[in-house]
Amino acid sequence: MYKYFDAHCHYSFLRKRYEGYFIAAVSMDYQSSLDTLLLKSDNILVGVGIHPWRVHEEDINRVLPLINRADFVGEVGLDYRFAKASRDLQIAYFERQIEESKGKLINVHALDAWEDAFNILIKHNVKRAIFHWYTGPLTLLKDIEGAGYFISINPSVTFQKKHQNVLEKADLRILLTESDGGYEYRGKLLEPTDIPETLIYMSKVLGLGEDYLIRIIRDNFARAFSILF
């Protein structure tokens, strides 16, 4: 039924139907968390949380009670490049949301903070996590794999060298696709419909048939989110 799998999409910013796509809808703050929860459907998993870019202006105590209603926690994490909040406050918000997750998958943003985010997940004994749009150290990939975590490959892989290096080095068993849909990057609004082109590129780089790669992504997605197709 579903051919394409989007592990990280700001679906509440798009609100369009994407036939043949299974989407994990992430949130940024309290309001988008409320909006996202209302979008739950047969092909939409819903996540809630406070993005590190919003930590400086959000009350975490409003978001924590929403986690019980969500399929996963996200988009949460750390950002040492763009976030306005201090590192300590970002870490505090990240840890409190993890503590409230009760075993649910954590969908992680960790720009320039990959190792710190990973270590926090391990510290809290998190079993399932996705490092979205991973451009971190190649040396961390084996640790991510060993922990049973995943990374998601974004449409930017067609031109972003750091992301290309990750694709070439990562084990197939940890790969997911994402759109980061609803986010505008370099003047382009990203959408789930960018994933087919991403898969074509990935299949060429990896030397795999596209249909075979799609099956791998589907199986990885099912394991990450603990669902059956």
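Observations on the structure shown:
- Estimated distance in nm for a label pair at Lys188 and Arg87, the labels positioned 7 Å out from Cα along Cα-to-Cβ: 3.4
- Our analysis of segment 46-187 gives Rg over Rh at 0.94, with the two radii drawn from alpha carbon positions and Rh computed by the Kirkwood formula.
- Restriction of the chymotrypsin sites (Phe, Trp or Tyr not before Pro) in segment 1-99 to DSSP coil positions whose beta-carbon has at most 11 other beta-carbons within 10 angstrom yields Phe82.
- Spatially close Lys pairs in the chain, defined by Cα atoms under 23 Å apart and a spacing of eight or more places or different chains, total 25.
- Residue-wise HN-Hα coupling along segment 124-138, computed from phi with Karplus coefficients 6.51, -1.76, 1.60 (Hz; x: Gly, Pro): 8, 6, 5, 8, 9, 8, 10, 8, 6, 6, 5, 10, x, x, 5
- Overall dimensions of segment 162-229 as given by Cα atoms, namely Rg and Dmax in Å: 12.7, 36
- Excluding ligands, DNA and RNA, the accessible surface per residue across segment 20-157 is 38 Å² with a 1.4 Å probe.
- Helical runs assigned H by DSSP (4 residues or longer) give the chain a calculated mean residue ellipticity at 222 nm of -10500 deg cm²/dmol, each run adding -39500 (n - 2.57) before division by the residue total.
- Unit Cα scatterers, Debye sum, segment 105-229: log10 I(q)/I(0) for q = 0.10, 0.16 Å⁻¹: -0.29, -0.76
- Estimated distance in nm for a label pair at Glu210 and Ile60, the labels positioned 7 Å out from Cα along Cα-to-Cβ: 4.4
- Sites excluded, trypsin sites (Lys or Arg not before Pro) in DSSP loops with at most 12 other C-beta within 10 Å, longest stretch of the chain: 103-185
- Annotation note: chymotrypsin sites (Phe, Trp or Tyr not before Pro) in segment 139-204 located in DSSP loop regions with a Cβ neighbour count of at most 16 within 10 Å are Phe159.
- Segment 76-210 - percent of accessible surface contributed by carbon and sulfur, probe 1.4 Å: 49
The values are calculated or read from the model by the stated rules, or taken from the named source; none is laboratory data. Source: prediction; values computed, not measured. Note: ideal-geometry Cβ built from the backbone for every residue, glycine included; neighbour counts use all protein chains shown. When the accessible area is computed, the model is the full protein with side chains, heavy atoms only, and any ligands, DNA or RNA have been set aside. Shrake-Rupley method; radii C 1.70, N 1.55, O 1.52, S 1.80 Å.
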